[in-house]
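The values are calculated or read from the model by the stated rules, or taken from the named source; none is laboratory data. What you see is a predicted model; the values in this text were computed from it and never measured. Here the Cβ positions follow ideal geometry from the backbone for every residue, glycine too, while neighbour counts run over all protein chains shown. Each accessible area value is taken on the protein alone, full model and side chains, heavy atoms only, with ligands, DNA and RNA left out. Shrake-Rupley method; radii C 1.70, N 1.55, O 1.52, S 1.80 Å.
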Amino acid sequence: MEKEAKKLYKSTKQKLSKAKRSYVCRSLKDVVRGYRNCKTASEERDFVKKESAHIRDLFREEDTTFRRQNVLKLLFFHMNGYPTEWGQLECLKLCASSRFKDKRVSLYSSQRLRRVDTTK
């Protein structure tokens, strides 16, 4: 009986931590504000690195709730010169959505995030 209770507690705790992690998503406005508040280039790099890791985690969970916001954040990071090629597939997944806003963001971001090798 005690083992079953511990097992149930452990599984519930894992599900709760996963749920908390997936629904803590900063808006694009908050990300831009945080990026602009960085005083040095190293702070900017650390901020982008942490936010990109968070975006990658949300993409891995296959949650479509915040996908458009996260692609917009990637687009912002790309415009500031940071590598975001790993988000190209998410743009295509967003294009399959039935909502017009998602399609608009995905088409624009897929054009911008596309990596074109100009060297031969």
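Being assigned to a helix (DSSP H, G or I) and farther than 19 Å from residue 31 by Cβ is true for just one of 74, 89. Which residue is that?
Of the residues listed, the single one that is assigned to a helix (DSSP H, G or I) and farther than 19 Å from residue 31 by Cβ is 89.
Can you tell me which residue within the stretch 48-63, out of those that are under 14 Å from residue 89 (Cα atoms) and within 8 Å of the chain's Cα centre (by Cα), is surrounded by the most Cβ atoms within 10 Å (Cβ to Cβ)?
55
For the stretch 64-87, give me each residue that is touching a Cys at 6+ places or on another chain (Cβ under 9 Å) and not aliphatic (A, V, I, L, M).
65, 66, 69, 70
Of the residues that sit in the stretch 39-71 and are of a type in the set (A, V, I, L, M, F, W, C) and part of a helix (DSSP H, G or I), which one is nearest to residue 103 (Cα to Cα)?
Pass one, the stretch 39-71, residues of a type in the set (A, V, I, L, M, F, W, C): 41, 47-48, 53, 55, 58-59, 66, 71.
Within this subset, residues satisfying the condition of being part of a helix (DSSP H, G or I) are 41, 47-48, 53, 55, 58-59, 71.
Numbers: 41: 33, 47: 28, 48: 25, 53: 24, 55: 19, 58: 19, 59: 17, 71: 12 Å.
So, considering only residues that are of a type in the set (A, V, I, L, M, F, W, C) and part of a helix (DSSP H, G or I), the one nearest to residue 103 (Cα to Cα) is 71.
Identify all residues within the stretch 92-120 that are at pLDDT 85 or above, outside any loop (DSSP other than H, G, I, E, B) and open to solvent by less than 40 Å² (accessible area, probe 1.4 Å); write none if there are none.
Listed by number, the residues that qualify are 94, 102, 105, 106, 109.
Checking residue 17 against (1) small (Gly, Ala, Ser); (2) at pLDDT 80 or above; (3) open to solvent by 50 Å² or more (accessible area, probe 1.4 Å), only one condition comes out false. Which one?
Condition (2) is where residue 17 drops out.
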